[in-house]
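To start, the structure under review is shown below, and the notes come after it.
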Amino acid sequence: MNAPFTAEQLKAAREGLFAQGESVQSFCQTHGLSYCAVMGVLHNRSRATRGDGHRAAVLLGLKTQPKPKRSPKAPSASQSLQPTA
């Protein structure tokens, strides 16, 4: 499995927590994340593609916030299906 993050990125994430005076446990509690998922990301055991791992990677600055998907537009009044007589 290819490592998703470089050693420098992971070191910066850990140092960021340390600089804020926050432990991994308190980070998890603050953001409602699983401790195992966050440690998996910080030790490069998780690809952080879904769930808590992905959220942790975004909050730690390892990944960018994904853009919200655009919902399909509702048909306008002129495009709506109307029965013909």
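Laboratory data are not the source of any read-out in this text; all were calculated from the coordinates shown. Computed from a prediction, not measured in an experiment: that's the story for all the values here. Every residue, glycine as well, gets a Cβ built from its backbone with ideal geometry; the counts of neighbours run over all protein chains shown.
Of the residues making up region 23-44, just one is surrounded by 13 or more Cβ atoms within 10 Å (Cβ to Cβ), over 14 Å from the mean Cα position of the chain (by Cα) and in a loop (DSSP other than H, G, I, E, B), namely 44. Residues in region 25-47 that are more than 13 Å from residue 10 (Cα to Cα) and of a type in the set (A, V, I, L, M): 33, 37. State whether the residues of region 2-21 include one that is touching a Leu at 6+ places or on another chain (Cβ under 6 Å) and in a loop (DSSP other than H, G, I, E, B). Within region 2-21 (the criterion being touching a Leu at 6+ places or on another chain (Cβ under 6 Å) and in a loop (DSSP other than H, G, I, E, B)), the answer is yes, since at least one residue qualifies.
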